Each structure stands twice: as structure tokens, then as C-alpha cells.
Amino acid sequence: MRRRVTSMHPSMPVVLSIAGSDPTAGAGIQADLKVFTLLNTLGTTVVSAVTAQNSTSFGSIYPLSKEQVETQLQTVLDEFNPLYTKTGMLGTPEIGELVAKYTKNSLIGKLIVDPVLKSSSGTYLLEKSAQSGKATGGGHIEFLYKNLYTKTLFPLSFIVTPNIPEASILAGIEVRDVDTMEEAARSIHKTGARIVVITGGHLKGDQAIDLVFDGRRTTLLKDERFQENRNFHGTGCVFSAALTAWLARGYELLDALGMAKKYVHEYIRL
């Protein structure tokens, strides 16, 4: 059996992304891997689905089978021991359940869950009929989505990073301001996630405000908001990947969150 190592270079921590593939590299596995590399971590990847998308449209989704995903995952773990694993688009509930199994067995490090439901263009990315690429209706998909995360993955998670629309579905309330962000964060925390980070890019106002709740204390992270009418494709992926990398490098939580937020800020400026 091959000896498992933490890195090909002793000073470079290993991280893992389980997510979909984006051919334009603006989101998903490709975006995660770019961030991991730029932030001096050794990124490993497991592809959950292949997509046809770009910054303005989403064409198709082709989820992999549970067996295909597990084969990739086991191959990574035969050689590497990731300190942190982040998830993005999972494609099917079965893949989410697979992630839960490996987390329970302490094989993939601390789990950071970016609970992706829709692409930036509005296409559902988790659905019961995903293998046929056909949606079964928003309400049914959202029920499956909420159940997978709140019942299966969040109880095992170190950090979860929903955006405003995702937090609204997961908490069952309309998140429209900082007060309702905190209400949603407290509700999501009750599912078992240790730390809830709601990213506030969808809120109106001059500032982009993220809210952090650890079960005891609420912290607000603020930065200026860009007002240009642009489609910032993949910012959620970039944020969670940067957070994963900074934590793997040993930074404290609030420092890592602040640096991840600043990284996204600079990413949008480019």
C-alpha cells in the first residue's frame, strides 16, 4: 500500500475540493485549484459533475455516479491526507452522502461546505433527476437540497458558507438585512454546523457584509461594494477556496475569513 503523505513538499499543506468542473475556469474545481495554488497549498480535486457553462449562461450538467466519485476520492486518499476539504456543487444527494461517509470516518480532514444550489445564471445544480439533466421543479429540488445539507452534511461540518439566497432556503426565512442574516445563521447553526458564515454579496447597500456566527458570538466582516452591473461568476467558490487555503496554512478563523474576503474583493477588481 502506498504511504499516505500530507504533501509532496513538507511546507505545503494539502487541501481537497469536491465540486463540479467549469470549462471556463471561473467557478468549480478549476477556480478552486487556481486559488489553492496561488495561496501556496497543494490542491487535490474530485470532480462531482461535468458542466457546460460560462460567466453568463449555464448549458448542461452531467453528474458522475457515486462509484466514479468514490474512485477518485479513494485514489487521492491513497497518497494524500488533506487537512481540509471543501465542497461545491455536488450534483446528486448520493454524492453528498458519500462525502458524509468519508467525513464521519475522519478521512478528509475538516469539512467546509459551500452549499451550492444554483449557478449564477439561475440553473439548479442539485436535483433528484440530475443524471438526466432535467429539473423536476424548484420546490422539490429545494426540499432535496435543504434536506441533504441540514440533515446530512451540516452536522459534520466545521464551516458552512451559504450566500443570501441559499441561507434563505436553508433557514426557511427571507434574508433581507443584517438582522435576518443573524436569524438565519442561528437557525442554520442549530443543524450542527460549528461555524456559519453567510456571505452578503446579494444584499443592497454601499457595503458588502458577511456575517459569522460560532454559536456564541456574531461577527460582521465589511468591505466596500462594487456597483458595476457585472456577473461575478464563481465568487462563492473563490471565497470558500481561499478560506480553506488560509485555514490549512494555520491562520486563525477570523484572520482567515478576513483574508478570504479581501481575496474575493481583489478578484472582483481584476
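Taking every residue in the stretch 29-52 that is basic (K, R) and pairing it with any residue that is at pLDDT below 95, at least 6 positions away or on another chain, the pairs with Cβ-Cβ distances below 8 Å are K34/A25.
Taking the criterion of being among the small types (G, A, S) and modelled with pLDDT of 95 or more, the only residue of the stretch 86-95 that qualifies is G88. Annotation: H233 fulfils all but one of (1) at pLDDT 85 or above; (2) within 21 Å of P115 (Cα to Cα); (3) not polar (S, T, N, Q); the unmet one is (1). Being outside any loop (DSSP other than H, G, I, E, B), of a type outside the set (F, W, Y) and in contact with a strand residue (DSSP E or B) (Cβ under 8 Å, 6 or more places away or on another chain) is a description that does not apply to A193. Checking the structure you have, find out if any residue of the stretch 162-170 is outside any helix (DSSP H, G or I), surrounded by fewer than 21 Cβ atoms within 10 Å (Cβ to Cβ) and in contact with a helix residue (DSSP H, G or I) (Cβ under 8 Å, 6 or more places away or on another chain). Within the stretch 162-170, not a single residue is outside any helix (DSSP H, G or I), surrounded by fewer than 21 Cβ atoms within 10 Å (Cβ to Cβ) and in contact with a helix residue (DSSP H, G or I) (Cβ under 8 Å, 6 or more places away or on another chain).
Restricting attention to the stretch 94-119, the residues being of a type in the set (S, T, N, Q) and within 10 Å of L156 (Cβ to Cβ) number 1.
Looking for something modelled with pLDDT under 95 and not in a loop (DSSP other than H, G, I, E, B) - is there at least one such residue anywhere in the stretch 244-254? No, the conditions are met nowhere in the stretch 244-254. Condition (residue is over 15 Å from the mean Cα position of the chain (by Cα), part of a helix (DSSP H, G or I) and free of Cβ contacts under 8 Å to residues at least 60 places away in the same chain) applied to the stretch 55-64: is it met by at least one residue? Checked against the condition, which is being over 15 Å from the mean Cα position of the chain (by Cα), part of a helix (DSSP H, G or I) and free of Cβ contacts under 8 Å to residues at least 60 places away in the same chain, the stretch 55-64 yields no hits at all.
Would you mention how many residues in the stretch 173-187 are over 13 Å from D210 (Cβ atoms) and not in a helix (DSSP H, G or I)? Matching residues across the stretch 173-187 total 4.
The values are calculated or read from the model by the stated rules, or taken from the named source; none is laboratory data. Predicted, not measured: the structure shown is a model, and the values here were computed from it. Ideal geometry is used to build each Cβ from the backbone, glycine not excepted, and the neighbour counts take in all protein chains shown.
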